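Derivation of every value follows stated rules applied to the coordinates shown; laboratory data play no part. All values reported here derive from a predicted model rather than from experimental measurement. Glycine also receives a Cβ, built like all others from the backbone with ideal geometry; neighbour counts cover every protein chain displayed.
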Amino acid sequence: MKSIFMTLAVAGVMAMSGAVQAAPILYSQVGTQNTATYSFTAATTGNLTGYFAGSKADYENEVGMMVNGVSTGLFGLNNKTSAYGQAFNFGNVVAGDVLVFVLSNIKPGNIGPWYSQTNLNSDLTNHVYSSYYAGDDRLSAGTYVAFEDKPRGGDFNYNDISFVFSNVATEVPEPASIALLGLGIAGLGLSRRKKAIKA
């Protein structure tokens with residue numbers, strides 16, 4: 001009997017984990033600014049394609065990209081006219097190129113632009129949240145990037161406009177790694193203090 005329950009439990013967990021991977025991992029700390037700092041780079045040499053993943057924004061926006069600090073001048077995937085899964089080619093990139101995504105406001109205008117690199121934003125607010133997306137029947141697997149389009153981050157739900165980008169590698173410090181590093185530094189400080197007291 002125990003093995004039946006165990007089998008059912010494992011099957012349930014596997015079904016749930018499969019369902020979770022079928023959609024982007026959405027921002028869970030709604031109402032608070034995302035503190036993660038993302039570094040986006042080109043994974044391989046070739047085209048970088050973006051796919052429209054949805055929008056709940058009142059504003060009208062488009063997304064563009066900077067490569068190694070220079071704008072490509074290409075903007076697309078308008079959140080008022082794009083269909084879910086619609087693709088846009090942002091051009092050719094070289095493996096290792098540093099990428100910054102740019103949200104350009106069309107209407108009402110005079111807002112932003114907002115960058116995926118916080119220190120470039122005029123309000124010094126993080127306007128993006130990112131996670132990996134396994135893909136579905138209309139969206140390629142890739143890096144999910146969702147923007148807040150209002151000044152100072154609006155409601156911080158990071159779902160105003162979202163995209164999935166292929167050929168993008170993302171680095172973000174893991175909270176557990178940061179905590180472990182902090183404990184290591186604290187331990188080092190305590191050991192030095194003990195040595196200083198003994199001397």
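Below is a table of values for the structure above.
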read-out: Sequence-distant aspartates and glutamates (8 or more away, or on other chains) whose Cα lies within less than 19 Å of LYS56; value: GLU148, ASP149, ASP155, ASP160
read-out: Whether segment 90-166 is rounded, prolate or oblate, judged on the alpha carbon gyration tensor where a/c under 1.5 counts as rounded; value: prolate
read-out: Gain in span if fully extended, ASN92 to SER39, counting 0.36 nm per residue against the direct Cα distance; value: 17.2 nm
read-out: Contour minus Cα-Cα distance for THR81 and LYS107 (0.36 nm per residue); value: 8.1 nm
read-out: Under 9 Å, Cβ to Cβ, from ILE106 - net charge with Lys/Arg +1 and Asp/Glu -1; value: 0
read-out: Full-extension gain in nm, ARG152 to SER122, via 0.36 nm per residue minus C-alpha separation; value: 9.9 nm
read-out: Sum of side-chain charges, ASN79 neighbourhood, beta-carbon under 12 Å (Lys, Arg +1; Asp, Glu -1); value: -2
